[in-house]
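The values are calculated or read from the model by the stated rules, or taken from the named source; none is laboratory data. Just so you know, these numbers come straight off a predicted model, no measurement behind them. Because the Cβ atoms are built from the backbone with ideal geometry, glycine has one as well, and the counts that use them run over all protein chains shown.
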Amino acid sequence: MQGQLKLYRTSPDGNEVIIDLLEAGMTFGEARMFLADPHWHVSCAALGDTEVVAVDLPTFLAVLRDSIDTALVLLRQISERAERHVDDIERLALQGGACRVASYLLGQLPPGRSEYRLTVTKGVLATRLGLRAETLSRILRQLGAEGIVTVTSRNVVCVPNRQKLRRFVEEAGKA
């Protein structure tokens, strides 16, 4: 209903991998109900004050049986999430850290604007992008030194030239 959640897994040596970041209005866990073993294989944590609504399985299944439109909306959401995860895997496997950071920052930049506030901490962002916090800081300093992007101490991202950031992403993606 409000706030943010992170879905994550922790490796045996204590490293955390963020599987997804969820904003208010997003759903999670619904795909598990269609499996023989609906055990949830990720952990969930609130990123600040958050309100979550749970719907019990029999009620949820009854709604799906009664409304084809609701079932189709659910199917679309599950499909979109699967596509995002495929994109995430591709980025993590094929793109370097600077490209992942620049792509993320570009993807969050609202149309017609040159700045916005990050909705997650830099630590969460680093984990989500498969980086160490120090590596993210180094990349942000590099982007700042090149006049591509600056991030203030209040997590405001400033992009003086969207095209320059886009070119950086394209060139870093080719490297």
Residue check for Leu105: closer than 30 Å to Pro160 by Cβ and not in a loop (DSSP other than H, G, I, E, B)
yes
Between a residue in the stretch 86-99 that is within 22 Å of Val149 (Cβ to Cβ) and any residue that is of a type in the set (Phe, Trp, Tyr) and part of a helix (DSSP H, G or I), which pairs come within a Cβ distance under 9 Å, given they are 6 or more apart or on different chains?
Arg91/Tyr104; Ala98/Phe168; Cys99/Phe168
Scan the stretch 144-164 residue by residue and report those that are more than 22 Å from Gly123 (Cα to Cα) and either small (Gly, Ala, Ser) or in a helix (DSSP H, G or I) (or both).
Gly147, Arg162, Gln163, Lys164
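Residue by residue through the stretch 11-32, note down the ones that are at pLDDT 90 or above and over 17 Å from Asp88 (Cβ atoms).
Ala24
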Residues located in the stretch 1-33, provided they are loosely packed, with under 11 Cβ neighbours inside 10 Å and either over 16 Å from Glu51 (Cβ atoms) or among the polar types (S, T, N, Q) (or both):
Ser11, Pro12, Asp13, Gly14, Asn15
Does the stretch 116-139 contain any residue that is more than 18 Å from the chain's Cα centre (by Cα) and farther than 27 Å from Tyr8 by Cα?
no
Picking from Gly96, Gly130, which residue would you name as being on the phi > 0 side of the Ramachandran plot and surrounded by 10 or more Cβ atoms within 10 Å (Cβ to Cβ)?
Gly130
So which of Gly48, Gly29 ends up being outside the structural domain of Arg162 (by TED's automatic domain parsing), in contact (Cβ under 8 Å) with a residue 24 or more places away in the chain and not acidic (Asp, Glu)?
Gly48
